[in-house]
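The values are calculated or read from the model by the stated rules, or taken from the named source; none is laboratory data. Small disclaimer: the values here were computed from a predicted structure and weren't measured. Because the Cβ atoms are built from the backbone with ideal geometry, glycine has one as well, and the counts that use them run over all protein chains shown.
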Amino acid sequence: MSLPACPKCSSEYVYEDQSMLICPECAYEWNPNEEVVDEDAIILKDSNGNLLAEGDKVTLIKDLKVKGSSQVLKVGTKATIKRFVDGDHDIDCKVDGAGDMMLKSQFVKKA
Ligand SMILES: [Zn+2]
């Protein structure tokens, strides 16, 4: 079995040291048995621990007060995730009857 190329610099001179693979060219070390996680990808889960994806339809699991207004989004309100955002409010949603709004993934569940 041949060793994979270095994921950092694509060097083919990778060698094995116990469970680790080491690249002699850029000194990158990694464990081939660990899944490489794309650090830029945002992984979000709903209140039940299900993975969310952009475009998913979700419903609110609790009443949410809209910041800066007296409007309240009721539990069960439907929304569609438009995109993930890196932040406290981590999903940018189109909420039924309320328009575009930033929500927190822990307060929704997949519809
Ligand atoms: Zn390398």
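The table for this structure:
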read-out	value
Subset of segment 93-111 (residues that are charged (D, E, K, R) and under 15 Å from Asp46 (Cβ atoms))	Lys104, Lys109, Lys110
Only one of Val72, Val58, Val66 that is among the aliphatic types (A, V, I, L, M), modelled with pLDDT of 95 or more, surrounded by 11 or more Cβ atoms within 10 Å (Cβ to Cβ) and away from the ligand (no atom under 16 Å from the Cβ)	Val58
Test: residue in segment 21-40 that is surrounded by 14 or more Cβ atoms within 10 Å (Cβ to Cβ), more than 24 Å from the chain's Cα centre (by Cα) and assigned to a strand (DSSP E or B)	yes
